[in-house]
Amino acid sequence: MNLLQALKMGLSGIAANKMRSVLTMLGIIIGVAAVIILVSLTTGATQSITDRISSMGSNLLMVNVFGRGNIGSLTEAEMNDWREREDIAYLAPIINGNQEVKAGTETISANIVGTVDDYLLMNSLTLSAGRSLADMDILGRTHVAVIGSEIADTLYEGEDPLDKILKVSGVNFKVVGLLESSGSSMTGSNDTRVLIPYTTVQRLLQNARISQVTIGVAEAEQVPAVKSYLESELLSKYGSSDYFNIFDQTELLSTLAETTALMALLVGGIAGISLLVGGIGIMNIMLVSVTERTREIGIRKAIGAKKRHILSQFLVESVVLSCTGGLIGIAAGIGITRLVGMLVTDLNGLVSPSVVAIAFGFSAAIGIIFGVYPANKASSLNPIDALRYQ
Amino acid sequence: MLEMSNISKIYQMGDESLYALQDVSLRVAEGEFVAIIGPSGSGKSTLMNLIGCLDVPSTGTYKLDGKDVSDLSGDQQAVIRNEKIGFIFQNFNLLTKLTALENVELPLLYRNTSSDERRRRALDALKQVGLSDRAGHKPMELSGGQQQRVAIARALAGDPPILLADEPIGNLDSTSGKEVTDLMHSLHRQGHTIILITHNQEQANEASRKVSLYDGRIISDQKVCHESDADTQAASASAPDGKRVSQ
């Protein structure tokens, strides 16, 4: 008896109980599909985030300082020193927080960012109308605001928002610029942002602390040099690296990659459990099948089937069940991932061949592992007892 | 062909040893038609299991076709069963999901026979039992007698030296039973060695030799005289002790 005949026998065994076979396969189908869908969506989301970060340019540095009082703040003098360097093209201090903003009777929650004009350039934000924050706004601590498109649409529906009044925690600001819609970035939606001069924020909050600065390095290859310059500057100021950190894009990307890889593993692992449950379902059904077919096994053995003939017959059955389930699961997984990508914007699953291969390999292995016990039980039956079985 | 000497089969029931067969010796020559007869509990089934290599004796030796088969592993027994024994069961034991032809092919499936060869030999065997036209039918679509004939074809397909029939007409009505009995006689005439296990005297009397079992022992072993071959055996029948061959 060769493999082909064993395969034929196994298939006819499956065909003899179609409904039961389909239900058994369902466990594997769901398991494989779940693994593929979840891992694909996670990697897809990761990919889109990393793409977005890379699109911001890889030459940004983010400086954060900690500490109490004026110690934990960057000074104007320091920032001016840094601005004067040729390898630093942009520098934007950032003071941000979430606030309700009002115009007339409309209210919306917004992300208020106290900053300078460079912020727009570094975050690839463009104006659709009006002007940006000007140097005189910074110096004069003026009450002007550049607002995101969603804020404009909500608060000034159908009207031109320019020169209108915007209330930020009770203080009036004049809208001078309107940002083009650009979707979300790593730090939230750009469309619900309100940009105002950082100096104005300092006055309103009665707090001059600047603890966060984004720096745009002129050329990407100068990033390490600028970073080490900033590190040595801050180290001499604070005496310890505990009081500040400097993130560059690559560091951010690798942190993100690590986190999401862990996430994918976790999600895949949870889905893998359902695959395991499916495997137990296969074992269960195979055991029932062995009992049901005790007589058949007895007849086959009496006629001259060896242990391995019976073993392979049942093993082929469970492997065919799990592999067919695996293949259907792959098709379903890829299909559903695509469907989600079409229905949900910003969530495009990325089906990697390795995930498909692993999911299929795992389902095949489950067929073998959970098939061995029932198949072995079948092949070990004593032909005399098996023939007598009613 | 078949040679059993001092065979015993002992079952251990707790502390007690139960002798299913005790010191049984039996020789069957090629071409014989032997009926083994006995009431239930006499050890018929045990003897059949031993002859059919489904079981091994506790003591004694069993030679089948010149090969000692008294102490074989499960797989070795399977090979012997496949090559040397053609089983015919009381309840036919056909696989209900396979067609008659596929059932007959089964013993060849467990040898390395090509599918063409398998088909040819299975069809031959079906022809021998007169069921060529039922090759594609499932057992359920056949009458009892036809099913048993398919089972006989299956036993014949592997061309084994011995056909071992266990109450082959026990589940059949008299007409079908006659059909099957006639078929077995014609196979015997063609030179097949047949061992028939039965509890039915009438049936046993149709064989050429009758071995009676009682309580695990052989109590008689005699040649049977038939009306059909009365002419040829008339001389020997009249001779004193002509019927008795061995003890």
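What follows is calculated from the coordinates using simple rules that are stated; it is not laboratory data. Computed from a predicted structure; not experimentally measured. For neighbour counting, all protein chains shown are included, and Cβ atoms are generated from backbone atoms with ideal geometry for every residue, glycine included.
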Taking the Cα centre of region B:2-238 as the origin, how large is its charge dipole in debye, to the nearest 20, when only Lys and Arg (+1) and Asp and Glu (-1) carry charge on their Cβ atoms?
500
Please compare each pair in A:Lys8/B:Lys67; B:Lys9/B:Lys97; A:Lys18/B:Lys84; A:Lys301/B:Lys44 to a cut-off of 28 Å on the Cα-Cα distance and tell me which ones are over it.
A:Lys8/B:Lys67; B:Lys9/B:Lys97; A:Lys18/B:Lys84
Take every residue in peptide B:77-86, count the Cβ atoms of other chains within 10 Å of its Cβ, and give the average of those counts.
4
When chain B is treated as a GNM, springs tying every alpha-carbon pair under 10 Å, which of B:Ala204, B:Ala29, B:Ala100 comes out with the largest mean-square fluctuation?
B:Ala29
Going by how many other beta carbons lie within 10 Å of each one, how would you line up B:Met13, B:Met1, fewest first?
B:Met13, B:Met1
Computed over region B:2-238, the relative contact order (Cα-Cα under 8 Å, seq sep at least six) in percent reads 28
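Need one number: % antiparallel among DSSP beta bridges in the protein assembly as shown, to the nearest 5.
Approximately 70 percent, going by the DSSP bridge assignments.
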Average partner coverage of B:55-65, which counts Cβ from other chains inside 10 Å
0
Mean Kyte-Doolittle hydropathy of -1.0 or higher plus an axial Cα length of 20 Å or more: which whole DSSP H helices in chain A meet both?
A:18-55, A:223-238, A:249-292, A:307-343, A:353-379
Estimated translational D of region B:2-238 in µm²/s (Stokes, Kirkwood radius over Cα pairs; 10 °C; 1.306 mPa s)
86
